[in-house]
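All remarks here apply to the structure that follows.
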Amino acid sequence: MTAPRLNIDLDKIFHNARMLVERLTGRGISVTGVTKATLGSPEIAAALLRAGVCSIGDSRIENIETMRRASIRTSMTLVRSPMLSQATRVVAHSDVSLNTELNVIRKLSQAAQEATKLHGVILMVELGDLREGIMPSDLVDIVRKTLRLPNIAFKGIGTNLACRSGVSPDEKNMAQLSALATLVEDNCGHAVEIVSGGNSANLQWAFGGASVGRVNDLRLGESILLGREPLQRKPIDGLHTNAITLSAEVIESKVKPSQPWGTVAQSAFVEKPLETDRGDISQLILAIGQQDTDPFGLAPPPGIEVLGASSDHLILASAQDSHNIGAEITFQLNYSSLVRAMTSPFVEKVVNAERG
């Protein structure tokens with residue numbers, strides 16, 4: 001088979017999604033399955049829908065268009081604030097978008113009128129992570145102005161945590177989101193249908209036993225694809241952590257010193273050499289690099305260590321004396337490695353069909 005490649009197991013992705021949907025349904029929370037780390041893979045989107053997610057979310061309108069062309073028929077949510085320059089495409093191909101800026105919502109309104117469509121809007125609220133979001137004190141005013149816009153359907157509110165600053169979802173900030181939903185209803189006289197509490201980082205809170213309040217939706221991608229929660233990167237009980245793996249081919253296998261020699265300056269990616277001189281080591285080079293993935297988000301098999309990478313070379317230390325040239329080594333990935341590998345045109349994507 002061609003290498004490097006991502007090995008994508010639809011059965012395991014289906015299982016992970018189904019398990020999370022069932023567990024969250026018991027808490028009164030539906031799942032928006034997020035495909036942004038998969039380049040909008042229609043095969044993965046279809047597996048998520050069969051597993052019971054209520055809708056598909058993606059951060060790129062291009063990915064949503066890919067899924068539409070593949071006849072993925074479901075509600076599609078753009079989970080990044082729309083660009084003004086893409087308002088027409090957003091209205092044409094997505095049913096709902098997450099928004100923070102009135103100027104953008106006005107542009108969506110204009111595009112929706114021209115297309116004689118109704119476009120749904122969820123307003124994102126800032127609760128401390130300092131990525132996107134309307135400040136809570138401004139929310140009621142923004143809702144009122146949104147409600148006045150033609151061809152815009154105000155669907156609800158949401159928030160995002162743990163993506164920029166690592167602020168964890170907890171009882172306090174989720175209770176604040178619930179309280180804001182009630183505040184909007186009391187002041188605007190309009191039902192808040194959706195309260196989207198966040199992403200895979202919310203799972204510890206959601207399964208923690210405390211009341212989930214008004215939160216009735218989570219946007220899940222990483223936990224489904226990788227079987228881990230993002231706060232501590234720990235495996236989620238009952239889920240597969242190897243639904244997607246990365247295989248790369250050995251192009252050099254030699255015994256070399258563990259330390260460089262000569263005058264050392266900055267390398268191409270400003271990596272430091274090993275701190276400790278280990279003497280001679282069995283060093284491998286694989287045909288994949290920084291251009292294709294995040295090298296330090298790769299989890300190698302036992303006895304192998306990632307030492308570094310340049311644009312096109314991944315350097316490993318191996319406990320074995322030698323490896324055959326042309327042999328493959330398979331890694332588990334973190335989210336960063338997955339996203340970069342999925343978007344590299346040099347990494348083959350091999351989808352294993354579901355078996356039942």
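Each value in this text was obtained by applying a stated rule to the coordinates, not by laboratory testing. It should be emphasised that the depicted structure is a prediction, and the values quoted were computed from it without experimental measurement. No Cβ is skipped: glycine too gets one built from the backbone with ideal geometry, and neighbour counts run over all protein chains shown.
With neighbours defined as other Cβ atoms within 10 Å of a residue's Cβ, the residues 323, 190 order from fewest to most as 190, 323. Over the residues of the chain, the helix contribution to mean residue ellipticity at 222 nm works out to -8000 deg cm²/dmol, using -39500 (n - 2.57) for each DSSP H run of at least 4.
Fewest neighbouring Cβ atoms within 10 Å first, the residues 44, 224, 285 line up as 285, 44, 224.
Report the trypsin sites (Lys or Arg not before Pro) located in the range 154-225 that are in a DSSP loop and have at most 14 other Cβ atoms inside 10 Å of their Cβ, or state none. Walk me through the intermediate numbers first.
On the way: sites: 155, 164, 172, 214, 219; in loops: 164, 214.
In loop regions of the range 154-225 (DSSP not H, G, I, E or B), the sparsely surrounded trypsin sites (Lys or Arg not before Pro) are 164.
Please rank 71, 336, 223, 267, fewest neighbouring Cβ atoms within 10 Å first, as an exposure proxy.
Numbers: 71 8, 336 15, 223 25, 267 12.
Ascending Cβ contact count within 10 Å gives the list 71, 267, 336, 223.
Helices assigned as whole DSSP H runs in the chain whose Cα atoms extend at least 30 Å along their own long axis and whose mean Kyte-Doolittle hydropathy is -1.0 or higher are not found.
Given the pairs 117/145; 36/349; 12/234; 107/145; 145/172; 107/155, which are separated by over 21 angstrom at their Cα positions? Write down the numbers at each step before the final one.
Values: 117/145 19 Å; 36/349 15 Å; 12/234 17 Å; 107/145 13 Å; 145/172 28 Å; 107/155 17 Å.
Long pairs (Cα-Cα over 21 Å): 145/172.
Among 46, 63, 21, pick out the residue whose Cα is farthest towards the positive end of the charge dipole of the range 1-101, where Lys and Arg carry +1 and Asp and Glu carry -1 on C-beta, about the Cα centre. Positive-most Cα among the choices belongs to 21. Take the Cβ atoms of residue 147 and residue 312, set R0 to 51 Å, and the FRET efficiency comes out at 0.45.
Plugging the Kirkwood radius over Cα pairs into Stokes-Einstein for the range 244-352, at a temperature of 37 °C and a viscosity of 0.692 mPa s, what D comes out in µm²/s? It would help to have the intermediate numbers written out before the result.
Details: Rh = 14.5 Å.
In µm²/s, the coefficient rounds to 226.
Could you size up the charge dipole of the chain around its Cα centre, putting +1 on the beta carbon of Lys and Arg and -1 on that of Asp and Glu, and report it in debye to the nearest 20? Please list the in-between numbers first.
Numbers: 35 positive and 38 negative charges, 205 e Å.
In total the dipole reaches around 980 debye.
Two numbers describe the Cα atoms of the chain: Rg and Dmax, which are 22.8, 72 Å.
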